[in-house]
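Read the structure below first, then the notes.
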Amino acid sequence: MIKKTLDERAFHLLKEKMDEGLLPQWVLTDPDIYDLEIEKIYGHSWQFLGHETEIKDPGSYVTRWMVNDPVLLVRTREGEIKAFLNSCTHRGTQLCTADRGNKKTFTCPYHGWSYNLNGELVGIVAGNKVYGEEMDKSEWGLRPIPQVEMYQGMIFGNLDKNAEPLEDYLGEMKWYLDILLGRSGGMEVRGLPQRWVAKANWKATAENFAADPYHVQTTHRSTVEMGISPEDPLYAGYGHQVVMKNAHGINVITSKTGKARVPFQGMPESMWPLFEKHLTPEQLEVQSKVTVFVGGVYPNLSFVSPIHGTEGHLHNYLNFRMWRPLGPDKVEVWCWFLIDKAAPEEYKEATYRGYLGSFGPSGTLEQDDTETWARIVEVSKGLMMRDKELNYNSVSNYLMGYSHVEPDENFPGPGTAYPTTYIDALSRRMHEQWLELISKGLFKEEVKQ
Ligand code: FES
Ligand SMILES: [Fe+2]
């Protein structure tokens, strides 16, 4: 059933507005739109579940969510990675309630049915007496997540068994993930992912993080005042914004001169030969000049790989974050810290402390952003918002002193690379993808880009 705000006419109006670079603000908080997003986007997209180093040993597991679907992610005795719906097949309660651990079997807290690491039902309390010989346990195993695949140690799940393979879905983004995750031979997760609930719409958080370096010089002004970031208001705009298939994207932020502020983001010199070994010359060129990589895998995974600290104590880490929608105005943020396995131990520890001071609930940068997101949803529910639009038209117009922005054909990486990150190219692509996906199959003629 098409609800009142989602009829064909409304969609074509949305499409018309978005072609002009305008996004109606009400789509950030509308409950009908939200329901459609969960079904049409999250029912068919690859969603991030975790990193392989979180479940290193046989029997290790973590519990995760794919929006409202609870997931039990396990490493089997044979070393395979499997994911099941974390709900008992008997009466449906949540089977495993811990965040992580190591087990041979999972026993349900309700009536005690137990399942092995392959999801098979292996034990029923007083089974013979209660159910007799006819009970066929093989019919009552845990329900597997339809697709689970991994790229560079990152594990993703998909609720649609017919969805395109993960590697096809990631496409050109793999080239950049190879730099972020494969530059020294592999990353590891440190600690548990931090998580907290923010008052925000998932589209706004994903776009803020992946596509909007323009906010950095204002929202995070305190970092300039503390001397961590440069005074130059364009400092986060130097470099390239790269837009890719399926609305994935990355900002490769460099510096005013286009050269590295420090080589290899301040990583210890002992690691540089590893970068040369694992990266292609083109990837190495990008990696050697970058200050910050920040971007996202559509729909709700974002990442940042910054330079952090003060001169003489600079370091780099990788932060992955997943925006789990909990409603049109609520997001559960999941935040992982990753560091090169090959990095010296004391460097890992110092970097972890730096990360905790910047991102996550105790991080200064995080708190700046959280305030803004909350205020967006706070003000987006009013009657006057029904015909108010947000501006996403820096692609087709003149922008902040830049002349008309054309893609840079000489950028060494794949995707459409614009020679600035203060641009709405990726934001706009994300919103176009959003409209295309939520309208899929609703009308005879789909809203296509
Ligand atoms: S609900 Fe799990 S054993 Fe009954
Ligand atoms: Fe921010």
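For the cross-link pairs K245/K289; K82/K440; K15/K245; K104/K129, the ones whose C-alpha atoms lie over 22 Å apart are K245/K289; K82/K440; K104/K129. Within the range 252-346, the GluC sites (Glu not before Pro) that combine a DSSP coil assignment with at most 15 other C-beta atoms in a 10 angstrom radius are E311.
Coupling constants for the range 319-336 follow from the phi torsions by the Karplus curve (6.51 cos²θ - 1.76 cosθ + 1.60, θ = phi - 60°), and in residue order they are 10, 9, 9, 10, 9, 8, x, 10, x, x, 10, 9, 9, 9, 8, 10, 9, 9 Hz; glycine and proline get x. Using θ = phi - 60° in the Karplus curve 6.51 cos²θ - 1.76 cosθ + 1.60, the 3J(HN,Hα) couplings for the range 265-280 round to 6, x, 5, x, 4, 4, 8, 4, x, 5, 4, 4, 6, 9, 10, 6 Hz; x is entered for Gly and Pro.
Amide H contacts for W196 (H built 1.01 Å from N in the peptide plane; partners 5 or more residues away or on another chain; cut-off under 5 Å): V333. Per residue, the chain exposes an accessible area of 44 Å² to a 1.4 Å probe, with every protein chain left in place. Seen from every direction in turn and averaged, the convex hull around the alpha carbons of the chain projects onto 23.6 nm².
Selection among L28, V74, F106 by position relative to the dipole of the range 15-139 gives F106 as farthest towards the positive end (Cβ unit charges, Cα centre). Applying a 4.7 Å Cβ-Cβ cutoff to the chain, the cysteines left without a disulfide-compatible partner are C96, C335.
Restricting the range 79-181 to trypsin sites (Lys or Arg not before Pro) that sit in a DSSP loop and have at most 13 other Cβ atoms within 10 Å of their own Cβ leaves R91, K104, K161. Out of residues 5 or more away from E172 or on other chains, whose amide H comes under 5 Å of its own, with H placed 1.01 Å from N in the peptide plane? HN-HN under 5 Å from E172: K245.
When chymotrypsin sites (Phe, Trp or Tyr not before Pro) are flagged only if DSSP places them in a loop and at most 15 other Cβ atoms lie within 10 Å, the longest unflagged stretch of the chain comes out as 111-397. Cross-link partners of K56 among aspartates and glutamates, defined as those whose alpha carbon lies under 13 angstrom from its own and excluding same-chain residues fewer than eight positions apart: E78, E80, E188.
Can you bin the range 200-296 into rounded, prolate or oblate? Criterion: square roots of the alpha carbon gyration tensor eigenvalues sorted a ≥ b ≥ c, rounded for a/c under 1.5, prolate for a/b above b/c, oblate for the rest. It is oblate, given that a/c is not under 1.5 and a/b is not larger than b/c. Note on the chain: helix-only mean residue ellipticity at 222 nm, from DSSP H runs of 4+ residues weighted -39500 (n - 2.57) and normalised by residue number, equals -7500 deg cm²/dmol. Taking 0.36 nm per residue of sequence separation and removing the Cα-Cα distance, the S222/E16 pair yields an extension gain of 70.3 nm. Taking amide H atoms as placed 1.01 Å from N in the peptide plane, the amide H of N251 lies under 5 Å from those of V242, V294, G295, each 5 or more residues away in sequence or on another chain. A probe of 1.4 angstrom, applied to the heavy atoms of all protein chains, finds M135 with accessible area near 50 square angstrom. The residues neighbouring T420, those whose beta-carbon lies less than 14 Å from its own, together hold a net charge of -4 under the Lys/Arg +1, Asp/Glu -1 convention. Annotation for the range 135-238: GluC sites (Glu not before Pro) lying in DSSP loop with at most 13 further Cβ atoms inside 10 Å of their Cβ are E231.
The values are calculated or read from the model by the stated rules, or taken from the named source; none is laboratory data. Every value quoted in this text rests on a predicted model; they were computed, and no experiment measured them. Here the Cβ is made from the backbone with ideal geometry for all residues, glycine too, and neighbour counts use every protein chain on show. Accessible surface is based on the protein model in full, side chains and every heavy atom, while ligands, DNA and RNA are left aside. Shrake-Rupley method; radii C 1.70, N 1.55, O 1.52, S 1.80 Å.
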